[in-house]
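The values are calculated or read from the model by the stated rules, or taken from the named source; none is laboratory data. Everything quoted here is computed from the prediction, not taken from an experiment. Keep in mind that these areas ignore ligands, DNA and RNA; they rest on the heavy atoms of the full protein, side chains included. Shrake-Rupley method; radii C 1.70, N 1.55, O 1.52, S 1.80 Å.
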Amino acid sequence: MFPSCLGDISRGKTHNVHEEETAIFTCNYSIKYGLRPVCWGKACGTMWCHDEVIQTDGQRVTSKRSSRYTLKGDMLGGDVSLTIQQVKPTDAGSYCCRVDIEGYFNDLKVLHTLHVLKALPRTTTEPSVGTAATLVQRTSHRPPAASNWIEDDTPSVSGARPPESNATLSRPSDIEESTVKGQHSNIAMLVACVTASVLTVLSSLAALIFKCNLLEKVWQHAGSVTPTSAAVPQHIIYEINAGRQAQENIYNLD
């Protein structure tokens, strides 16, 4: 590094940065003599930066070409490093940091070089062939219109139903109709049983009443015959019981 009419120039680094990545060019100065104006340009120029991209008065940024150019370092501490975000191919070239120092030919100059490389290929995660085939297999065995049908059999362990299975599908309306018919049959059977029971009780009661009336008539007949039987002579009763005809007394009336 030798003094010249253009002041001292410090060679910075050569940066190889891919497209859409971030490039950082360092530049620092001592603040023992105070905060100084700084510019960044594509060349150092004769009096100030040529093709300027950003400029500061020592305390804050006063102008910049694009929002992609920023000074993220501690500016009040003398760190005026340049950051370029989302690097493009047109950003390639030289970048000069120039710090204005009082006096002739005292400016601090730091020169960086940027090479922009092609963007890295993006890797995307795609499902494997086996996963896609499994998904197709699972969806192919799904029964049509599952919301309008009820399956009467249970699914297999694998979750897929064979094409020619014994599963039967029933509409909800058919199930409701069969349930109503079953309820009507149960009610009819209950009514028949109750009717048969009532008829049995009535027939038993009628038979009992008939027997009671018959016994009453027998007792009445027995009560009416008893006084007359007492007046019949004993030998006649004996003859009747023995099955022989009793001989009656014959009286001749003169």
Going residue by residue through the range 201-206, the Karplus relation 6.51 cos²θ - 1.76 cosθ + 1.60 with θ = phi - 60° gives ³J(HN,Hα) values, rounded to whole Hz and with x marking Gly or Pro, of 5, 5, 5, 5, 5, 5
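So for Trp48, Trp40, what's the accessible-area order with a 1.4 Å probe, most first?
Numbers: Trp48 75, Trp40 0 Å².
Ranked from most to least accessible, the order is Trp48, Trp40.
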